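Asks: Next up is a structure, given as structure tokens.
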Amino acid sequence: MSLRPFIRRSPMPGLGLSMGITLTMVSLVVLLPIGALMMRGIAYGPANLWAVIDRPRVWAALLLSFRLALLAALFNLLFGGLLAWVLARYRFPGRRILDAAVDLPFALPTAVAGIALTALYVPKGVLGGLAAGIGWKIAYTQWGIFIALVFVGLPFVTRTLQPVIEEIDREVEEASATLGASRAHTLRRVILPMLAPAALTGFALALARAVGEYGSVIFIAGNLPMKTEIAPLLIVIQLEEFNYDAAAAIGIAMLVISFAMLLAINLIQIWSRRRIGDV
Amino acid sequence: MTALVAGMLALPQTGAAADLLNVSYDPTRELYRDVNTAFAKAWTDAGHPAPTIETSHGGSGAQARAVIEGLDAQVVTLALGGDIDRIAAAGKLPADWQSKRPHNASPYTSTIVFLVHKGNPKGIRDWGDLIGEGVEVITPNPKSSGGARWNYLAAWAWAEKNGQDPRDFVGKLYQHVPVLDSGARGATTTFAQRGIGDVLLAWENEAYLALEEMGKDQFDIVVPSVSILAEPPVAVVEANIKNDEQRQLAEGYLDFLYSPQGQALAYKHFYRAWDASAAAPEDVARFPKLDLVDIAHFGGWSKAQAEHFGDGGIFDQIYVPK
């Protein structure tokens, strides 16, 4: 039996070489570290892994991380999408500055963002003071974590949707209007389906970023076990105790849950592509 | 292209004969800035070639991990003996390192005191006042901060000496903590700059530093009746010594910390040192006497760590009811 070549010969020149380089780089940068983490978990044994994960404090932290990441990503989907729409469709003074500002959460060290957000939202801070006036605590509660996660996730949705919105032909909307559709109808039946795949991508990216976020959150979270302690902090705590296996166990749990969520999002994306066709 | 990337990733080369890397923890930044300058002068005055001394600061546990994983430190000056024990367990220095220098290898010590708002509005005098109605206490998370472990043990020691159930008392204390920062500097910021809480449990040297930086008109230091003798120890990392010249330098550097000049610097930076002969009298007079319990009382770090702060240990039980 002859071995089938891994990659069939293609009429495009240079495929073998570029594929080789790509696979090497992806392995070095992404697959090897994750593989090492998984190996550590396998060596530790599934029973031990489960013993580390199946504790109220770890469950509370995992639940908190994923729940708030999901809420923040949903918030970003809505408002990041709106922001993308405004930036792509309207011309107004200061648009370019606003457009550039969207990328700032990417550039700013997350710890710096966390400290700045904390300073703003503590009861003595500018916004925290206003909130305290109506009896609302933000910093050192789950609200604080939510705000930090919204901050770091916002650009993902906006930057994924913006080019797609810019590409939508005005004529499509005009056609819809000439055929007697209301604006809401046009939005729902014409615009949103075209945006759905990109929106899902942006949502997935924002979600993934929020789940693993550490630097900005620990400053504003308060880090109280069972209340405002995020899962990445638990990993750092285990490392602080030189407990590498337990740290790996929580890391693996996060990886598995994230993978399941991203897979689900991808399936929805495939399904929605099929339903409305490629855009 | 490859050369460019390699150039950008290149690390500063250390390890020449007269180089020394001291891996330390966060609050010693100011101390070692002075020590490095003074030592370099003393060392060249004694006829040695001028040394290059670098000091790296970070969380004590994270610094210990970095050394275990290959950070090329010749000298470690960390917050807890337990952290250096970990480096010893990894085979980088002998297990009996702590007996190699006087005073459990701690050239200076510190303790845990309270920092309160000016005029002490909540009337906090001792540990028992911390669990009073409406008092908010700021301390970092003992699971992630070495300093916070000293705070916790100091509270425990007070309860023992005052006929209270220590576990119950410490448990109540942590119910008065609204924010658990991950490190000591973060907790100081939360208290001093964010204005959260009524009292900060702090290293004595950090408390004085906060007074000096933020102004004496804002905070007062309250010294409790009982506290803990915090011993931040020092050691030479044998496995990272490349030659005799470097060994001599590393030993000389740590010996300098015990010299009258080194001790005077420790006093100046608000540490309780041992030899006051060269220190400024006002630096020494600053420290009130109090009842200090040491880590041996808790059976040493390896026992205290597992019993109180390990997985499922007492601290976990205080927070997560079984």
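Asks: Can you run down the residue pairs with Cβ atoms below 6 Å, 6 or more apart or on separate chains, where the first is in the range A:20-46 and within 19 Å of A:Ala248 (Cβ to Cβ) and the partner is open to solvent by less than 70 Å² (accessible area, probe 1.4 Å)?
Replies: Final answer for the pair search is A:Leu37/A:Ala248; A:Leu37/A:Gly251; A:Arg40/A:Ala248; A:Gly41/A:Leu49; A:Gly41/A:Ala248; A:Gly41/A:Ile252; A:Tyr44/A:Asp245.
Asks: Is the range A:253-273 home to any residue that is touching a residue at least 24 places away in the same chain (Cβ under 8 Å), open to solvent by less than 60 Å² (accessible area, probe 1.4 Å) and in a loop (DSSP other than H, G, I, E, B)?
Replies: Within the range A:253-273 (the criterion being touching a residue at least 24 places away in the same chain (Cβ under 8 Å), open to solvent by less than 60 Å² (accessible area, probe 1.4 Å) and in a loop (DSSP other than H, G, I, E, B)), the answer is no, since none of the residues qualifies.
Asks: Within the range B:208-234, can you find the residues that are more than 24 Å from B:Leu292 (Cα to Cα) and either in contact (Cβ under 8 Å) with a residue 40 or more places away in the chain or touching a helix residue (DSSP H, G or I) at 6+ places or on another chain (Cβ under 6 Å) (or both)?
Replies: If the condition is that a residue be more than 24 Å from B:Leu292 (Cα to Cα) and either in contact (Cβ under 8 Å) with a residue 40 or more places away in the chain or touching a helix residue (DSSP H, G or I) at 6+ places or on another chain (Cβ under 6 Å) (or both), then B:Met214, B:Asp217, B:Gln218 are the ones that fit.
Asks: Let me ask something additional. Here is a check on your reading of the model: is A:Ala247 surrounded by 20 or more Cβ atoms within 10 Å (Cβ to Cβ), aliphatic (A, V, I, L, M), in contact (Cβ under 8 Å) with a residue 40 or more places away in the chain and not in a loop (DSSP other than H, G, I, E, B)? Quick ask: steps written out before the conclusion?
Replies: Values: surrounded by 20 or more Cβ atoms within 10 Å (Cβ to Cβ): yes; aliphatic (A, V, I, L, M): yes; in contact (Cβ under 8 Å) with a residue 40 or more places away in the chain: no; not in a loop (DSSP other than H, G, I, E, B): yes.
Criteria not met by A:Ala247.
Asks: So which residues in the range B:291-322 are in contact with a strand residue (DSSP E or B) (Cβ under 8 Å, 6 or more places away or on another chain) and crowded, with 17+ Cβ neighbours inside 10 Å, if there are any at all?
Replies: Correct list: B:Leu292, B:Val293, B:Ile295.
Asks: Also, I was wondering about something else. Which condition number does B:Gly58 fail, the rest of (1) open to solvent by 50 Å² or more (accessible area, probe 1.4 Å); (2) in a loop (DSSP other than H, G, I, E, B) being met?
Replies: Evaluating B:Gly58 over (1) open to solvent by 50 Å² or more (accessible area, probe 1.4 Å); (2) in a loop (DSSP other than H, G, I, E, B) leaves (1) as the failure.
Asks: Something else about it: With the requirement that a residue be among the hydrophobic types (A, V, I, L, M, F, W, C), open to solvent by 60 Å² or more (accessible area, probe 1.4 Å) and assigned to a helix (DSSP H, G or I), what does the range A:121-150 give you?
Replies: Selection gives A:Val126, A:Leu127, A:Leu130, A:Trp143.
Asks: Closer than 17 Å to B:Asn240 by Cα, open to solvent by 20 Å² or more (accessible area, probe 1.4 Å), touching a residue at least 60 places away in the same chain (Cβ under 8 Å) and not in a helix (DSSP H, G or I) - does that describe any residue in the range B:76-86?
Replies: no
Asks: Only residues in the range A:123-143 that are within 12 Å of chain B (Cβ to nearest Cβ) and under 24 Å from A:Glu229 (Cβ atoms) count as the first member; pair them with residues that are basic (Lys, Arg) and in a loop (DSSP other than H, G, I, E, B), Cβ under 7 angstrom, at least 6 apart or cross-chain, and list the lot.
Replies: A:Lys124/B:Arg194
Asks: Name the one entry in B:Asp126, B:Asp83 that is within 13 Å of the chain's Cα centre (by Cα) and under 30 Å from B:Lys268 (Cα atoms).
Replies: Sole residue among the options that is within 13 Å of the chain's Cα centre (by Cα) and under 30 Å from B:Lys268 (Cα atoms): B:Asp83.
The values are calculated or read from the model by the stated rules, or taken from the named source; none is laboratory data. No experiment lies behind these values; they were computed from the predicted model shown. Glycine gets a Cβ as well: all are built from the backbone with ideal geometry, and neighbour counts include every protein chain shown. Accessible surface areas use protein heavy atoms only, side chains included; no ligands, DNA or RNA. Shrake-Rupley method; radii C 1.70, N 1.55, O 1.52, S 1.80 Å.
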